[in-house]
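Accompanying notes for the structure given below.
The values are calculated or read from the model by the stated rules, or taken from the named source; none is laboratory data. None of the values given here were measured: they were computed from a predicted structure. All Cβ positions, glycine included, derive from the backbone under ideal geometry; neighbour counts span all protein chains shown. Heavy atoms of the whole protein, side chains included, go into the accessibility calculation; ligands, DNA and RNA do not. Shrake-Rupley method; radii C 1.70, N 1.55, O 1.52, S 1.80 Å.
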Amino acid sequence: MNYDVIIIGGGPGGYVAAERAGSKGKRVCLIERENLGGTCLNWGCIPTKTYLASSKLFYQALHSEEFGVLAKDVRFDFAKLYARKEKIVSTLRSGIVGLMKKYNVEVINGSAELKSKNEVSVDNRILTAENIIIATGASPIIPPIKGANLAHVYDSQKLLARQETAKQICIIGGGIIGMEFACFYAQLGIEVSVVELLGEICFGLDAELSKGLRSEMEKKSIKFYLSHKVDEITESSVIAISPENEKREIAADIVLLSAGRKPNLEGLGLDSVGIIYDKKCIQVDDSMRTNIPNIYAVGDCTGRLQLAHVASRQGEVAVNNICGEQDSMRYAAIPAVVYTSPEVASIGLTEDDAKKANIPVKVNKLPLGVSGRFVAENDKARGLVKVVVHSGTNSLLGVHIIGNLSSEIIWGVAALIEAEFRIEEIRELVFPHPTVGEVIKDALYHL
């Protein structure tokens, strides 16, 4: 059968592209070898946020006396927590299935391989299309560590399928995924250790926020081994080499490998079609086109920013260009969030980014404690907002926040940066009171 668009991969890049193309009247085929929703829905964003919500509630109950609430005999039931996670994932997955039916998207379960610039093979069946979108996502990297194949060693996807907790967990990798798992287990009272090769966690975030997040996680009794290289994983521990070249044995009955993700490119037939790619990504331009004009790629397989919302927007850009609506992907105002407790939300340039690019900036910081709502809802918790402004034009370049509710605030900053708002214009906006978000205006007002 001939389609207007064939999409390979049903994650947030693929299914959003399918819905957008279907809503524009295109004949669409979506090919997915596992479950619709991709990593984000099935083994990433949604399951981890479900777990974090439960552990946060448990942790708050244990410390509720500060809020005048006396809770006794507080326990958690991991079996029920796991069942709730599975139910939520299943419900949302059904929602995507319904969305595909609504917009007449044909969904085929199977593995796809490109045969030509217009042909895709699915289980020995040849499909043709005027345009093809590759949205195959990425998978966890398994580093070449001795013992990485032991039964108690998990990647993030396999760990979410585990139906029991642990006494001690060692997490190899202090990035966003590693920190969210660390926070989840620590809030359940499980002993957590994090081994990170670099000198600080969450590389890429504003340095002050990374340090602040680590400080808050240490309050939850998480132990950090920074600038440590993992030498070996044994049946009961992780052996790491310190900066002083000393071996340290870190006890663990389960180990999480959280050392990054690699694009899913094997078996796609990229070479036979002549698509340019390397081990890290498929090369695309800002319209999401590959070097083959009618073949596009979106999401993690492009190697740009491995975020679900980036994949979805890239899918929209690809579909718009397919439909003759000129569109391009912009990366200056992409929000990133670490869903720990406290949350971290960041967008735009950091102070260090600006210095490296020789961009003249002025910076201001305010504690979230100046917000009445933050104090009322967080009590002893600390928070910070940091704003980065071009010192010549007074335009907003970046905002970086550590503190709960920051994930729900940061989208508004995206609009301000996209519209190139200047300080003077932001000062004229009316922020609701009392909210945490009004601290952004306060920080900008005194620059």
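Listed residues S346, S328; which is in contact with a His (Cβ under 6 Å, 6 or more places away or on another chain) and under 30 Å from R20 (Cα atoms)? Answer to the check: S346.
In segment 87-142, counting only strands (runs of 3 or more DSSP E) that sit wholly within it, the ones holding 2 or more residues that are surrounded by 21 or more Cβ atoms within 10 Å (Cβ to Cβ) span 112-114, 125-134, 138-140. At least 1 residues being open to solvent by 30 Å² or more (accessible area, probe 1.4 Å) is the threshold, and among the strands (runs of 3 or more DSSP E) wholly inside segment 202-298 those reaching it are 223-226, 229-233, 237-241, 247-251, 261-263. For segment 348-447, the helices (runs of 4 or more DSSP H) that sit wholly inside it and include 3 or more residues that are crowded, with 16+ Cβ neighbours inside 10 Å are 351-356, 372-378, 406-418, 438-445.
For every residue, the table says whether it meets (1) of a type in the set (D, E, K, R); (2) within 19 Å of the chain's Cα centre (by Cα); (3) crowded, with 20+ Cβ neighbours inside 10 Å; (4) not in a strand (DSSP E or B).
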position	(1), (2), (3), (4)
P144	no, no, no, yes
L150	no, no, no, yes
Q157	no, yes, no, yes
T165	no, no, no, yes
C183	no, yes, yes, yes
A186	no, no, yes, yes
G189	no, no, no, yes
G199	no, no, no, yes
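For the subset of segment 1-42 comprising residues that are open to solvent by less than 50 Å² (accessible area, probe 1.4 Å), among the small types (G, A, S) and in contact with an Asp or Glu (Cβ under 9 Å, 6 or more places away or on another chain), which member is farthest from A311 (Cα to Cα)?
It comes out as A21.
Contact map, segment 71-95: first residue free of Cβ contacts under 8 Å to residues at least 24 places away in the same chain, second residue hydrophobic (A, V, I, L, M, F, W, C) and open to solvent by 70 Å² or more (accessible area, probe 1.4 Å), Cβ cut-off under 9 Å, separation 6 or more or different chains; pairs are A71/L62; V74/L62.
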